[in-house]
1. Take segment 233-269 and flag every residue that is touching a Ser or Thr at 6+ places or on another chain (Cβ under 7 Å) and surrounded by 21 or more Cβ atoms within 10 Å (Cβ to Cβ).
2. Out of all the residues in segment 328-345, is one or more in contact with a Lys or Arg (Cβ under 6 Å, 6 or more places away or on another chain) and assigned to a strand (DSSP E or B)?
3. Glu370 - would you say it is out of contact with any strand residue (DSSP E or B) (no Cβ under 6 Å at 6 or more places or on another chain) and either surrounded by 21 or more Cβ atoms within 10 Å (Cβ to Cβ) or aromatic (Phe, Trp, Tyr) (or both)?
4. Being touching a residue at least 60 places away in the same chain (Cβ under 8 Å), part of a helix (DSSP H, G or I) and charged (D, E, K, R) is the filter here, so list the residues in segment 685-711 that pass it.
5. Looking at segment 277-290 only, could you name the residues that are assigned to a strand (DSSP E or B) and of a type in the set (A, V, I, L, M, F, W, C)?
6. Any residue at all in segment 410-418 that is under 24 Å from Trp360 (Cα atoms), among the polar types (S, T, N, Q) and touching a Cys at 6+ places or on another chain (Cβ under 9 Å)?
7. Is there a residue in segment 412-422 that is touching a residue at least 24 places away in the same chain (Cβ under 8 Å), out of contact with any strand residue (DSSP E or B) (no Cβ under 8 Å at 6 or more places or on another chain) and either surrounded by fewer than 16 Cβ atoms within 10 Å (Cβ to Cβ) or not in a strand (DSSP E or B) (or both)?
8. Among the residues of segment 530-541, write down those that are buried (at least 22 other Cβ atoms within 10 Å of the Cβ) and either part of a helix (DSSP H, G or I) or acidic (Asp, Glu) (or both).
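The values are calculated or read from the model by the stated rules, or taken from the named source; none is laboratory data. From a predicted model like this one, the values you see are computed outputs, not experimental measurements. Cβ: placed from backbone, ideal geometry, glycine included. Neighbour counts: every protein chain shown.
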Amino acid sequence: MKSKVTFLFVVFYLSFFSQTKVLTIQDAVLKGRSSLAPKRLQNLAFVPNSTMYSYIDDNTVYVNDNSSAKIKYKATLYDLNSNLKLMNNDTLTTLPLITWKNEIQFSFVTAKNEEIFYSPSTAMAIKKEKIAVIDNADVTLETNEAAYSKDNNVFISKGTQTTQVTTDGSYTLAYGSGDVHRNEFGISKGTFWSPKANYLAFYKMDQSEVDDYPIIDWTTYPAQNKNIKYPMAGKKTHYVSLGVYSKLNKQIIYLTKEIPSDQYLTNVAWSPDENFIYIAVLNRAQNHFKLNEYNSQTGNFVRTIFEESDEKYVEPLHPMQFLKTNPNQFIWQSRRNGFNHIYLYDLKGNVIKQLTSGNWEVKDVNGFDEKCENLYFHANEQSPVNQDFYSVNLKTNKITRLTSGSGFHTCILNTKKDFFIDNFSSCYIPRQVKIVSTKTLKSNTLLNAENPIKEYKLGNWAMFTIKNSEGTDLYCRLFKPVNFDSTKKYPVLVYLYNGPHSQLVTNTWLAGGELWYQYMAQKGFIVFTLDGRGTSNRGKAFEQAIHRQVGTKEMEDQLSGINYLKTLPYVDANRMGVHGWSYGGFMTTSLMTRYPDVFKVGVCGGPVIDWSYYEIMYGERYMDTPQENPEGYTKSNTLNYVDKLKGKLLMIHGAQDPVVVWQHSIMYLKKATEKNIQLDYYVYPAHEHNVLGKDRAHLMDKICNYFIEHL
């Protein structure tokens with residue numbers, strides 16, 4: 001079947017660029033996010049409660065006016081070092097990142113863990129404080145206190161003063177952990193300050209009934225086992241409750257425990273007056289949640305504000321946000337009507353109105369203006385591969401697009417919400433940064449980044465759509481080889497992920513691609529990527545198509561991409577390879593064995609082999625439990641297709657992987673041995689789910705060379 005193709009745009013490099021340099025794999029991997037990435041304005045941020053913004057460039061802090069973008073103050077490395085000398089402190093070799101404490105001073109931390117407070121308007125250091133440096137601290141601006149978890153207990157620090165909130169934390173009992181529910185449901189931290197910082201809410205996670213899982217530390221002599229708690233699909237999970245610590249009386253109360261205990265407590269929010277806490281309580285089946293209200297002083301359950309359910313799954317990801325002008329009203333994000341949109345509620349659970357609607361997704365809500373008349377948000381209303389910044393008027397429902405230009409806008413509002421920083425990129429624009437007025441939309445350009453790879457020999461690339469078997473648009477990206485000749489035939493490398501919470505093809509620099517794609521283009525490869533059903537930002541039906549049958553609809557869509565490639569006269573259909581990591585590793589292994597005549601070579605990294613060995617929270621959302629869906633688990637289990645492997649397959653795993661545990665690929669090796677099937681295998685000791693740092697160049701060199709050798 002010939003696929004219908006819609007080209008969105010193609011980027012060509014103009015001949016006047018002197019394209020003489022050739023990428024090495026070290027360039028493509030290690031420099032792709034640094035010196036060969038589009039230039040950034042480092043530490044770009046608004047100065048709180050002021051009409052200014054700041055950034056660091058060339059070892060100088062610039063503080064500029066919002067309206068004119070003219071420089072108001074500068075603080076050079078020399079200025080800061082002069083003040084440090086007066087304080088008898090060691091000087092700096094480069095400017096560290098700064099944090100604005102208020103509208104007149106910022107701070108930075110020295111190598112000796114001293115926080116220096118500096119006023120750029122007077123060019124004077126105001127004071128210094130000895131502090132404890134804490135990773136991933138939850139800092140409240142109201143009191144400058146930091147809440148954090150250490151050794152499974154919760155602590156609060158300010159300066160050098162530390163209060164230990166809990167004392168009985170252990171391997172099986174973790175307080176304040178950001179790993180609650182395995183970081184699903186939008187959970188990124190385990191502590192939650194109340195609006196006035198009088199209280200601290202925190203997660204308590206009891207893992208006593210979760211199975212231990214061995215993670216071997218190969219760097220010790222001899223090697224040591226370090227168990228982790230890993231809840232696998234269909235088995236027992238951890239039990240979570242929420243504690244509230246009062247700074248006034250130094251006591252902890254716990255919110256009424258939910259029954260059954262294996263529910264998920266997500267989207268924690270405080271009422272503006274600190275009297276109530278709200279939690280989205282999601283059942284283990286993940287198809288029904290209740291937004292519950294609790295008394296923060298007693299912990300008692302008060303009422304359920306509203307409930308939401310879905311025949312497949314619901315996934316609450318965002319806590320409620322109250323209107324400052326009306327604490328009885330709040331906004332909530334929901335996909336109940338097919339796409340993620342914003343709803344205005346009252347505390348009786350009534351939907352006052354739906355603020356946004358349409359066949360597009362709200363991607364992030366960024367807050368209200370001072371009078372709570374307008375709400376700001378990011379969305380892909382223009383195109384699924386684009387992102388723009390919008391406002392919606394709460395009275396009229398009028399939606400205003402605040403950004404212009406087809407591409408991807410990531411915006412930050414200032415305190416008063418009268419200006420925003422627009423960080424913009426598209427396939428053909430490396431980076432553009434503007435300061436924009438929310439009222440007039442007049443802007444000043446802060447940065448037009450040059451093409452950082454214009455001197456390199458590169459292949460042309462395109463972003464386009466094809467139709468799948470159901471007639472749905474699928475977004476694709478294709479890099480052509482350097483010195484492309486349409487009369488020749490080229491090998492193809494398909495790079496994929498195609499799992500939930502992913503989108504690889506976007507209208508950003510290089511169409512969302514990485515520089516190692518261009519490295520492969522130099523080696524004579526076509527590099528192709530497609531986002532099929534199951535991926536994000538295309539609406540609920542598109543994502544939920546994989547429910548209870550992962551690895552089915554996704555492969556159908558990937559094969560639609562293959563069918564399209566086969567229509568191109570310059571594609572060699574006998575030399576096709578596929579590569580992916582994690583969910584992409586599962587897809588690679590599935591495609592290599594369930595469609596063994598399509599791909600000659602595959603490289604899979606950190607692959608899910610058997611979904612019953614994957615974690616409860618993610619796995620059961622998309623597959624239900626193995627007991628409820630035995631057919632789906634059997635059909636998706638790649639162990640059942642090992643004997644179908646025909647091509648060359650390289651499997652890679654991090655030996656300390658706590659996400660897709662090493663056992664997955666070990667089971668595959670065992671089954672391959674039993675079936676007398678040969679495959680190649682490589683392990684990265686001391687690495688977890690991703691191979692990072694300098695070793696990543698080694699990884700990508702291995703992957704690229706495997707395709708070069710066998711294709």
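1. Within segment 233-269, the subset touching a Ser or Thr at 6+ places or on another chain (Cβ under 7 Å) is 233-234, 239, 244, 253-255, 257, 262.
Ala233, Val244, Leu255 - these are the residues of segment 233-269 that are touching a Ser or Thr at 6+ places or on another chain (Cβ under 7 Å) and surrounded by 21 or more Cβ atoms within 10 Å (Cβ to Cβ).
2. So in segment 328-345, the residues in contact with a Lys or Arg (Cβ under 6 Å, 6 or more places away or on another chain) come out as 335, 338, 344.
Retained after the next criterion (residues that are assigned to a strand (DSSP E or B)): 344.
Yes.
3. Working: out of contact with any strand residue (DSSP E or B) (no Cβ under 6 Å at 6 or more places or on another chain): yes; either surrounded by 21 or more Cβ atoms within 10 Å (Cβ to Cβ) or aromatic (Phe, Trp, Tyr) (or both): no.
No: the conditions fail for Glu370.
4. Listed by number, the residues that qualify are Arg696, Asp701.
5. Ile277, Ile279, Ala280, Val281, Leu282, Phe289
6. No; the residues of segment 410-418 include none that is under 24 Å from Trp360 (Cα atoms), among the polar types (S, T, N, Q) and touching a Cys at 6+ places or on another chain (Cβ under 9 Å).
7. yes
8. Selection gives Asp531 alone.
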